[in-house]
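In what follows, a structure is listed as structure tokens, so that the remarks can point back to it.
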Amino acid sequence: MKKGFITKLYPLTKAMFVGCMLIIGLVSDWRVGYLVVLPLCLLFAIIDGVAKPFIIKVFGALVVFVVFIFAFKIFLDKSASPIVFQYAFITIRQQGILDALNQTSILTILASAIILFFETTDVEEFMISLQQINMSHMISYVILSTLQMIPEMFKKSKIIMQAQQARGIETEGNLWLRTKAFFPSLGPLIISSIADLEERAITLEVRGFSADVKKTSYKEINKTPYDRTIFWSLIAATAAYIGWRIFTWLF
Amino acid sequence: MAILELRDVSFKYQLGKETVLENINLSIEKGEFVACIGRNGAGKTTLCSIMRGLIPNFQNGTMTGDVFLNGQNMKELSLGEIAQKVGFVFQNPFIQVSGIKKTVFEEIAYGLENLGVPRDEMIERTNAIITQLKIEYLRDKHPMQLSGGQSQRVALASVLVMDPEILIIDEPTSQLDPQGTEEVFETIHILKQRHKTIILVEHKIDLVSEYADRVILIDQKHILLDGPTSEILTDISLLDHGVSLPQVALLALRVEEETGKKLDRIPSVIEDAVIEFSKLV
Amino acid sequence: MEAIRLEHVTFTYDNGFVAVEDVSMTINQGEKVAIIGQNGAGKTTTVKMMNGLLRPKEGKIFVNEEDISKKTTASVSRHVGYVFQNPGDQIFNQSVYDEIAYTLRYFKKPKEFIDERVRIAAEMCELSDVLDVNPYDLPFSIRKFITIAAVIALDVEIVIFDEPTAGQDLFGLERQKRIIETLHKQGKTIITITHDMEFVIDNFERIIVMANKNVVADSSRHLLFWDFPMLERASLKQPVVAQLANRLGWDGSVVTMEDFIQTLCQRGK
């Protein structure tokens, strides 16, 4: 499998990208989030051939939040700004849309940057790079276990739903029935996921995870020739941008 | 000098109403293969956790008494040192997979990474273990796509590569089918031939009788029986403690009771049973 | 009356993998049957089709002589109880009582009715003393019996046990044996998947062997465990007592300890 340019970059370089985007987003309005960061991340995803999973995951992550916030803002907008759209009792004003865009912009930045990161970075390499800068084991452990837990929970929930069916609880059928069946399955899902997590923590311990030595790694990850440049450019650009924002805000 | 020694160890879980184990005294020599048997809830896993140092470091509760590893008190050893010296394999085959490695080779090497072993040595030791345990055929497979038996073999390898002095194996086959069980015991057989010190918790008593040199029975918070396998596993009082006897032993005892015929000795493995019963026909 | 009938059933997973191919079997009401075979032979898949958890790609399945293809899994489950291998997948109530009563409450049965059923099921599973306890405060092996009690409380006609002996000690095995005997006396149909040959011999007369996605044998324990070609095909071993008899050169039908003792007396000095 050919690795894309982004994928070959050192994990911490990419992590710096996420961090910078976040900082930039915090001091900017919606245009940076929606018109710059999101398209930029999409572009990188396309370059590395992971556009499809990227789009699916970003869409999945955002659609609920963004739709809700948009709906709230739009329908509760009491401003006197120009009307953009009107149909029966639905009035959508410019201010409502702008507010919604601004509020969701940071979410969009987070989702795009983080999902791009995980689509182009191998978890193991990320952990190795964290080790190389002596980051605490606990943090790497928390990241590792959270990432492991999510697919596990999906698998488990299917098994649990089956167990419910086998007890005569209807899970097929209309939405109301499905919701009624879903809640009881949360209990076993959470309990067994937590129990699994505890067990996993102990099995990691048995593999020497808490040894207080500098860890070595079998996999060798190297920085590409571009990493240094990109890394420092990101820092410089972000600093410059923040400087400019402060400047324009003061004067 | 004993490789592992427990002196007057007692333990009560924080949330428990009573102590689980009381005044445990146990001494294990290098190269011994000890099986730990007892009914569910008797405290076998608790005992294993104590021997591995998981109690008191990772479990809440009160422990009194001391555990000595090669003469050194475990309280004085760092977590990393304990991890290297005492290997542990769990019941659940799939939970021991780290989840971040893509090949069995790397999965096995993971423990050495954690211990900071230099890369060249890491590769050498991992290759050595794979050869010794005859699992070359698993080397390039993805750790998450193994069967139960294969996972347990990899788990054993992953722990053995760290070159522990003792290996504690807690009910490794309870979730496996006969084939998986056979695979695991093939590995255990190799370890026995290499005179590894092993403590095995197992319900499959017929397998215990074939492999263990010594058996200890845990019940009512104590070690009630402790002796050579052929002696302990033919003791009918085991049945009162929730442990079955090997099939051939049960059969022999029944034959004696129901027919009045006497055997020279009660067999605990099938080879001995063939000899003894041949004398009766 | 027939309890379960499978007619030329084939099951394929979404990825195309065929787990069960052209399997037929009939189990009558009140029978006790063990289904054995290697992992991957298709046992669990076959048994999960009996209560509708899985649906066949080809073939028909009849429960109590009715075709279940148009019925929901939950409705079939009211006649066919399934005890899962891992109790953790099912248990979530705060007390053993609540756990056993759960489905009955879901169906809004009257309180006295529920109470009665729970009491009977708990007694059969020897849980009467722990009805108020939280299931997670009890050891794993006891939790297994809670899930069995939950199925018994529904008073289903057919009960499927999936690997009931995994992780059990001697007391647990004996308790299971008593439960199976009681259910059998009540006229229930019992189907078990298990790897424990000794457990099979102790409790089941009729044994169905699966290997490579089909049924390779369906007969009595005395015939089965001396059919060496079949055992080889299914990668099964003889139970220990039979192995011993074989090694002693006795010819074939010793399977239980009673058989052995009888033969020993016949051949004895």
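Here, each number is a calculation from the coordinates, and none is a lab measurement. Please read all numbers here as calculations on a predicted model, not as lab measurements. Cβ coordinates were reconstructed from backbone atoms using ideal geometry, including for glycine residues, and neighbour counts include every protein chain displayed.
Note on A:Ile235/A:Phe154: beta-carbon distance plugged into 1/(1 + (r/R0)^6) with R0 of 22 Å gives a FRET efficiency of 0.05. The angle between the Cα long axis of helix B:178-193 and the main principal axis of chain B comes to about 80°, on a 0 to 90 degree scale. Residue by residue along C:239-250, Cβ atoms of other protein chains within 10 Å of the local Cβ number 4 on average. Relative to the longest principal axis of the Cα atoms of chain B, the long axis of helix B:247-259 makes an angle of roughly 10 degrees. Within straight-line reach of A:Lys52, meaning a Cα separation under 18 Å, sit the following lysines at least 8 residues removed in sequence or on another chain: A:Lys2, A:Lys3.
Charging the Cβ of each Asp and Glu at -1 and of each Lys and Arg at +1, and nothing else, the dipole of the protein assembly as shown about its Cα centre rounds to 2940 debye.
Arrange C:His184, B:His195 by Cβ neighbour counts within 10 Å, fewest through most, would you? Walk me through the intermediate numbers first.
Details: C:His184 16, B:His195 11.
Neighbour counts put them in this order, fewest first: B:His195, C:His184.
If you stretched the chain out fully between B:Lys279 and B:Asp66, how much longer would it get, using 0.36 nm times the residue separation minus the C-alpha to C-alpha distance?
71.7 nm
For B:Lys30, the lysines whose Cα comes closer than 18 Å to its Cα, not counting residues fewer than 8 places off in the same chain, are B:Lys85, B:Lys192, B:Lys196.
Only counting other Cβ atoms within 10 Å, I'd like B:Ser158, C:Ser220 sorted with the fewest neighbours first.
Ascending Cβ contact count within 10 Å gives the list C:Ser220, B:Ser158.
For C:Ile191, A:Ile92, the sequence from fewest to most other C-beta atoms within 10 Å is A:Ile92, C:Ile191. Label-to-label distance for A:Ser81 and B:Leu224 is 7.8 nm, based on points extended 7 Å past Cα in the beta-carbon direction. For region C:6-101, averaging the sequence separation of C-alpha pairs within contact (under 8 Å, six or more residues apart) and dividing by the residue count gives a relative contact order of 25 percent.
Annotation for A:Leu42 and A:Phe72: the two label points, set 7 Å from Cα along the Cα-Cβ direction, are 2.6 nm apart.
A:Ile114: net charge of surrounding residues, Cβ under 12 Å, Lys/Arg +1, Asp/Glu -1, itself excluded? List each step's numbers first, then the result.
Working: positive: A:Lys14, A:Lys57; negative: A:Glu119.
The answer is +1.
Across every direction, the projection of the convex hull enclosing the Cα atoms of the protein assembly as shown has a mean area of 42.6 nm².
Counting only lysines at least 8 places from C:Lys111 when in the same chain, those with an alpha carbon closer than 22 Å to its own are A:Lys180. Defining a contact as two alpha carbons under 8 Å apart and six or more residues distant in sequence, what relative contact order in percent does chain A show? Rounded, it is 27 percent for chain A.
Roughly what % antiparallel, to the nearest 5, for the DSSP beta bridges in region C:161-269? Approximately 75 percent, going by the DSSP bridge assignments. Residue by residue along B:106-119, Cβ atoms of other protein chains within 10 Å of the local Cβ number 6 on average. For the segment A:190-201, counting C-beta atoms of other chains within 10 Å of every residue's C-beta and taking the mean gives 3. Applying 0.36 nm per residue to the separation of A:Thr224 and A:Lys52 and subtracting their alpha-carbon distance, the gain on full extension is 59.4 nm.
Of B:Lys101/B:Lys204; A:Lys215/B:Lys102; C:Lys71/C:Lys144, which ones are farther than 22 Å apart at the Cα?
Working: B:Lys101/B:Lys204 32 Å; A:Lys215/B:Lys102 19 Å; C:Lys71/C:Lys144 28 Å.
Table pairs above 22 Å Cα-Cα are B:Lys101/B:Lys204; C:Lys71/C:Lys144.
A cut-off under 15 angstrom between Cβ atoms defines the neighbours of A:Leu40, and their net charge, with Lys, Arg +1 and Asp, Glu -1, is 0. Looking at the protein assembly as shown alone, DSSP beta bridges between its own residues are antiparallel in about 55 percent of cases. The mean sequence separation of alpha-carbon pairs under 8 Å and at least six residues apart, normalised by the residue count of chain B, gives a relative contact order of 22 percent. A Gaussian network model of chain B, with springs between Cα atoms under 10 Å, assigns the largest mean-square fluctuation among B:Glu121, B:Glu202, B:Glu29 to B:Glu121.
A Gaussian network model of chain A, with springs between Cα atoms under 10 Å, assigns the largest mean-square fluctuation among A:Ser210, A:Ser145, A:Ser105 to A:Ser210. Dimensions of region A:180-229 from C-alpha coordinates, computed as largest minus smallest value along each principal axis and given longest first, are 56, 31, 15 Å.
For chain C, the longest principal axis of the C-alpha atoms and the axis of helix C:140-153 are separated by about 70°.
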